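Engineer: First the structure, which I've put down as structure tokens, then a few questions once you've had a look.
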Amino acid sequence: GSPTTLIEAVVSTQSTGGDPDFEVPRVFRELSSRHVLTQEFVEGDPIDEFDDAPIELRNAIGLKMLKLCLRELFEFQYMQTDPNWSNFFYDTKTKKIKLLDFGATLDLTEEFSNNYLQVIRSCATADRQAIIDASINMGFLSGYESDIMLDAHCEAIKVVGEPFAFDEPYDFVEKAAYKRVAKLLEVFAKHRITAPPEESYALNRKLSGAFLLCNKLNAVIPCKPLFDRVYQHKMNIVNM
């Protein structure tokens, strides 16, 4: 897809999904090409440099980045896949996050996006069979895995969905759920019988990058309302 697809999605008018928390530097189309994206200079600082900021600011930045991650996955279906934190600047004057680098992006199909939404939703409702069914639909599982592999897969998915499963603010340092996935990798290596879909590698980088940022910022934020809004928005579209 065009590198400006996500840009146009983010900066579109409020009525079609624009978001006041984000800003994309203006694109100079006449100076851009298939391989070069030329944008205006913007003010701000890399988001990971705010790890000593007041907790309210750290939480606000973490919340905005998680919101962006969810909207890219489930609304835009177009994802910036480079988790380098210097690709995102925070401007303390405008309180906006500025999105800078679109060199690595991924188009997601409607089917992949919808199935992954159901996977995360299943974590929130602790529905093991729903996790397995949606994972088979996505190609994460074949349906012929051993119980050991199914248990490990469901546990890994629950780790990803954990921040979005509880109403209370999620402490990314105290929980550090992503560290638990490392213990499951040995099981995957021994018992996986089908390769995961290619998109999943970029997806994992994206989500782990967002979680690691929140960990670095010592963020404690309510993530479930974010996911619930995105889920309801998606369901409203599907049911129209």
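Engineer: Round to the nearest 10 and give me the degree value, 0 to 90, for the angle of helix 55-71's Cα axis relative to the longest principal axis of the chain.
Structural biologist: Relative to the chain, helix 55-71 is tipped by roughly 70 degrees.
Engineer: For the chain, what does -39500 (n - 2.57) per DSSP helix run (n ≥ 4), summed and divided by total residues, give at 222 nm, in deg cm²/dmol to the nearest 500?
Structural biologist: -14000 deg cm²/dmol
Engineer: Could you order Met235, Met79 so the one with the most accessible surface comes first? Probe is 1.4 Å.
Structural biologist: Working: Met235 40, Met79 0 Å².
So the residues, ranked largest to smallest area, are Met235, Met79.
Engineer: How high is the relative contact order of region 110-240, given as a whole-number percent (alpha carbon pairs under 8 Å, six or more residues apart)?
Structural biologist: This gives 29 percent for region 110-240.
Engineer: Over the chain, what is the mean sequence separation of C-alpha contacts under 8 Å (at least six apart), divided by residue count, expressed as relative contact order in percent?
Structural biologist: Computed over the chain, the figure is 23 percent.
Engineer: Can you pull the percent of Cα pairs in region 103-233 with separation above 23 Å?
Structural biologist: Every Cα pair in region 103-233 considered, those over 23 Å come to 32 percent.
Engineer: Any idea what the relative contact order of region 73-172 is, in percent, if you count C-alpha pairs under 8 Å spaced at least 6 apart?
Structural biologist: Computed over region 73-172, the figure is 23 percent.
Engineer: If you don't mind, there's one more thing I want to ask. Under a 10 Å cutoff between Cα atoms, tell me which one of Ile97, Ile193, Ile61 has the largest fluctuation in the Gaussian network model of the chain.
Structural biologist: Ile193
Engineer: For Cα extents along the principal axes in Å, pick the label among (1) 78, 41, 35; (2) 54, 40, 36; (3) 62, 41, 37 that corresponds to the value derived from the coordinates.
Structural biologist: (2)
Engineer: Could you tell me how far the Cα centroid of region 90-147 sits from the Cα centroid of region 28-45, in Å?
Structural biologist: Region 28-45 and region 90-147 have Cα centres spaced 29 Å from each other.
Engineer: Would you mind checking the tilt of helix 199-216 against the longest principal axis of the Cα atoms of the chain, expressed as 0 to 90 degrees and rounded to 10?
Structural biologist: Once rounded, the angle reads 70 degrees.
Engineer: Per residue, how many Å² of accessible area does region 115-218 show with a 1.4 Å probe? Please report the intermediate quantities before stating the final value.
Structural biologist: Details: 5120 Å² over 104 residues.
About 49 Å² of surface per residue is accessible.
Engineer: How far is helix 128-138 tilted, in degrees, relative to the longest principal axis of the Cα atoms in the chain, given as a value from 0 to 90 rounded to the nearest 10?
Structural biologist: Tilt of helix 128-138: around 60 degrees.
Engineer: For the chain, with all protein chains present and a 1.4 Å probe, just round the carbon and sulfur fraction of the accessible area to a whole percent.
Structural biologist: Whole-percent figure for carbon plus sulfur exposure: 53.
Engineer: How would Val24, Val187, Val36 rank on accessible area, largest to smallest, probe 1.4 Å? Present the calculation step by step, with values, prior to reporting the outcome.
Structural biologist: Numbers: Val24 15, Val187 35, Val36 75 Å².
Descending accessible area places them as Val36, Val187, Val24.
Engineer: For labels at Arg192 and Arg180 in the simple 7 Å Cα→Cβ model, what's the distance in nm?
Structural biologist: 2.0 nm
The values are calculated or read from the model by the stated rules, or taken from the named source; none is laboratory data. In this text the structure is predicted, and so the values were computed from the model without any measurement. Counting neighbours? That spans all protein chains shown, and the Cβs are built from the backbone with ideal geometry, glycine included. Keep in mind that these areas ignore ligands, DNA and RNA; they rest on the heavy atoms of the full protein, side chains included. Shrake-Rupley method; radii C 1.70, N 1.55, O 1.52, S 1.80 Å.
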